[in-house]
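Please find one structure pasted underneath; my questions will follow.
The values are calculated or read from the model by the stated rules, or taken from the named source; none is laboratory data. Model, not experiment: these values are computed from the prediction. For the accessible areas, the whole protein counts, side chains as well, though only heavy atoms, and no ligand, DNA or RNA atoms are used. Shrake-Rupley method; radii C 1.70, N 1.55, O 1.52, S 1.80 Å.
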Amino acid sequence: ADVLLKDTPAQTVIADKAYDAQARLIEPLLDNGKAVVIPSRVTNKQPREYDRDLYKARHLIENFFARLKQYRAIATRYDKTARNFLGAIHLVASMVWLA
């Protein structure tokens, strides 16, 4: 994650406690001017401040992906092409949204 996230075009990186690696992940992101919304692990001596409301919004996204994966064709990716898979994602996402 540290190699992939340091060059991300996003202005804010939201992740869970598993990505709490100060030297490898958080410091390079902060040096690039990105906001970091990653809570500290309990074992850290100095807890880091983060936007709690934005972190709570992450939960909604996690729940949406969990609802998408309830559909077998999405979870196992039956479609051979990326175009067909994206179409299936759009169809299932609209079904989840309307439900």
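Using a cut-off of 23 Å between alpha-carbon atoms, which lysines can reach Lys80, once sequence neighbours fewer than 8 places away in the same chain are excluded?
Lys80 reaches Lys69.
A follow-up question, please. Rounded to the nearest percent, how much of the accessible area of the range 52-98 (1.4 Å probe, protein heavy atoms only) is carbon and sulfur?
The value for the range 52-98 is 62 percent carbon and sulfur by accessible area.
With every protein chain left in place, what is the accessible area per residue of the chain in square angstrom, probe 1.4 Å?
Details: 7720 Å² over 99 residues.
I get 78 Å² per residue for this part.
A further question follows. What 222 nm value per residue comes from the helices of the chain, counting each DSSP H run with n ≥ 4 as -39,500 (n - 2.57) and dividing by all residues, nearest 500 deg cm²/dmol? Can you show the working numbers first?
Details: 5 runs with 48 residues, N = 99.
Only helices count here, giving -14000 deg cm²/dmol.
Still on this model: Does anyone have the angle between helix 82-98 and the longest principal axis of the chain? Alpha-carbon axes, 0 to 90°, nearest 10?
Between the helix axis and the principal axis of the chain, the angle is about 90 degrees.
Stretch Leu4-Lys45 to full length: gain in nm at 0.36 nm per residue minus the Cα-Cα span?
That pair, Leu4 and Lys45, stretches by 12.0 nm at full extension.
Taking the Cα atoms only, what angle lies between the long axis of helix 52-68 and the longest principal axis of the chain, rounded to 10 degrees?
For helix 52-68, the angle is close to 30 degrees.
Straight distance only, please: which aspartates and glutamates reach the Cα of Lys6 with their own Cα at less than 19 Å, same-chain residues fewer than 8 apart left out?
Asp16, Asp20, Glu27, Asp31
Next question. Take every Cα-Cα pair in the range 28-80 and report what % of them are more than 15 Å apart.
67
Can you tell me how much longer the chain between Lys69 and Glu27 gets when fully stretched, taken as 0.36 nm per residue apart minus their C-alpha distance, in nm with one decimal?
Between Lys69 and Glu27, full extension yields 11.8 nm more.
If I take every Cα pair under 8 Å that is 6 or more residues apart in the chain, average their sequence separation and divide by the length, what percent do I get for the relative contact order?
Here the relative contact order equals 19 percent.
What are the semi-axes of the equivalent ellipsoid for the chain, taken as the square roots of 5 times the Cα gyration tensor eigenvalues, largest first, in whole Å?
With the √(5λ) rule applied to the chain, the semi-axes are 32, 16, 12 Å.
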